[in-house]
Structures are given as C-alpha cells and as structure tokens.
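Student: Below is the structure I would like to discuss, written out as structure tokens.
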Amino acid sequence: MSVDPMTYEAQFFGFTPQTCMLRIYIAFQDYLFEVMQAVEQVILKKLDGIPDCDISPVQIRKCTEKFLCFMKGHFDNLFSKMEQLFLQLILCIPSNILLPEDKCKETPYSEEDFQHLQKEIEQLQEKYKTELCTKQALLAELEEQKIVQGKLKQTLTFFDELQNVGRDHGTSDFRESLVSLVQNSRKLQNIRDGVEKESKRLKIS
C-alpha cells in the first residue's frame, strides 16, 4: 500500500485513493474466501456419495487452506501491480492540473502585489480598531444619556408633584409660584447678606 497521502486527490474525490484500493482489496479477499468455502462444501458432498472413501473432511480442509494460501499469494502479487497502475494512472491528478477551487492560485503574485495586499490589510485593521473605539465611545455616551434621562425624569416627576401640591393649596400656576419663590429666596439672601455685613461692622467698631 502506498504511503503517499495524496491529499490533493482526496480533496477532489472526497476520499484518499489508498482507501479506495484498500476497500477493493478487502472485497476481493472476501469473495475469494467465499468461493473457497463453496468449493469445499461441494467437494465434501461429492465425497459423501463415494463409498469407502479414504479422504477425510480434515484432509479436505487442509487442502483447501493450502490452495487458498496459494491463491492469496498470487492475488497479492497481482493486486500490488494493479494498485500501482491505479494510483499512477487513474486515481492520480497530474501536477499541471488545478481544481476549480484552486484556480485563483494559477496567477502568480509579485512582491509588489504582496506588499500592496499587506498594506490593505494593515489599513483595514486600523479602520477596524478605529470603528471599535468609536463604538465603545458611543456606547459609553449612550449609558451617560440613559443616566441623564433618568435624572431628568426624576426631576420632572418632582415638579409634577410640586405642581399637584400647589393645586391642593390653591396655587393655580406652578410656574408663577416658582418664580415668586425664587424672587423671595433672593430677597432673603440679600437680607441675610446685609445682616452679616452689619454684624461684622458692629464687631469691628
């Protein structure tokens, strides 16, 4: 059996040529054994019809096995030659033949083409890294927007609650109440600042 893996042929056939030849060899051997068993059974039946026959079934079995070895030796010799012819002439793809899926390898590439492809690969890698960083930045910004949106929702809910409280206490317009509250707060702030200044001035004097 050939030791050459013949991988290119296996790519085309879907099996290695050696596997094909091995199955043929096994099939021939099985057929040879079946034939010899059938011949042995025929001989034994013939001997049963011969009276006072000195040939025993054991002798028939020995002769059958001896003949089987003889046939197997000749068969192995013939099969080795047949295998060589099959692997070299029938199940072999010539070195100048390319399979359809390998046609792209038929056109040789120069060093300049290789450098150009290498440059394109590097550019694509840089572009991918940039897009990945942009995606991460957008995801982070989206998370921040979700947080801000949540806080804004809480603030709007708070204002709605204040407006409802104002309505319960007779205030019709929450905006006017809020403006008034801010103005009064500023006035109180000014009064507090004035008191603090006057207190400091009295302490100094």
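The values are calculated or read from the model by the stated rules, or taken from the named source; none is laboratory data. Model, not experiment: these values are computed from the prediction. When we count neighbours, we look across all protein chains shown, and the Cβ atoms used for this are built from the backbone with ideal geometry, even at glycine. Just the protein is used for accessible areas: all its heavy atoms, side chains included, with ligands, DNA and RNA removed. Shrake-Rupley method; radii C 1.70, N 1.55, O 1.52, S 1.80 Å.
Student: Once phi is turned into θ = phi - 60°, what whole-Hz ³J(HN,Hα) does the Karplus curve with 6.51, -1.76 and 1.60 give for every residue of the stretch 56-71, x standing for Gly and Pro?
Tutor: 8, x, 5, 5, 4, 4, 4, 5, 5, 5, 5, 5, 5, 4, 4, 5
Student: Quick one: plug the Kirkwood hydrodynamic radius of the stretch 26-108 (C-alpha pairs) into Stokes-Einstein at 4 °C, 1.567 mPa s, and report D in µm²/s.
Tutor: 76 µm²/s
Student: A follow-up question, please. Taking R0 as 45 Å, what's the FRET efficiency between TYR8 and CYS63 from their Cβ-Cβ distance, rounded to 0.05?
Tutor: Values: r = 48 Å, r/R0 = 1.06.
The pair TYR8/CYS63 has a calculated efficiency of 0.40.
Student: For TYR128 and GLN145, calculate 0.36 nm times their separation in residues minus their Cα-Cα distance, and state this gained length in nm to one decimal.
Tutor: Between TYR128 and GLN145, full extension yields 3.6 nm more.
Student: Could you please report the charge total around LEU138, scoring K, R as +1 and D, E as -1 over all other residues with beta-carbon less than 14 angstrom from its beta-carbon? Working shown, then result.
Tutor: On the way: positive: LYS135, LYS146; negative: GLU131, GLU141, GLU143, GLU144.
Spelling it out: positives minus negatives among the neighbours equals -2.
Student: I'd like the accessible area for GLU198, computed on protein heavy atoms only with a 1.4 Å probe and all protein chains in place. Round to 10 Å², please.
Tutor: Accessible area, nearest 10 Å²: 80 Å².
Student: Can you find, among CYS92, PHE79, CYS69, the residue sitting farthest towards the positive end of the charge dipole of the stretch 60-101, where Lys and Arg contribute +1 and Asp and Glu -1 at Cβ?
Tutor: CYS69
Student: With every protein chain left in place, what is the accessible area of GLU196 in Å² (1.4 Å probe, nearest 10)?
Tutor: We get 90 Å² for GLU196.
Student: Roughly how large, in nm² to one decimal, is the mean projection of the convex hull of the alpha-carbon atoms in the stretch 1-150?
Tutor: Values: hull surface 85.7 nm².
Reported value for the Cα convex hull: 21.4 nm².
Student: Could you give the alpha-carbon Rg of the stretch 20-59 over 2.2 N^0.38 Å, rounded to two decimals?
Tutor: Numbers: Rg = 15.2 Å, N = 40, 2.2 N^0.38 = 8.9 Å.
Ratio of Rg to 2.2 N^0.38 Å for the stretch 20-59: 1.70.
Student: Then there's this: Rounded to the nearest 0.05, what FRET efficiency is calculated for ASP76 and VAL39 with R0 set to 30 Å and r the Cβ-Cβ distance?
Tutor: Details: r = 20 Å, r/R0 = 0.66.
That gives a FRET efficiency of 0.90.
Student: Could I ask something else about it? Distance check, please: which entries in LYS119/LYS146; LYS46/LYS72; LYS151/LYS187 exceed 32 angstrom between their Cα atoms? Mind showing how you got there, number by number?
Tutor: Numbers: LYS119/LYS146 40 Å; LYS46/LYS72 25 Å; LYS151/LYS187 30 Å.
Checking Cα-Cα distances, LYS119/LYS146 exceed 32 Å.
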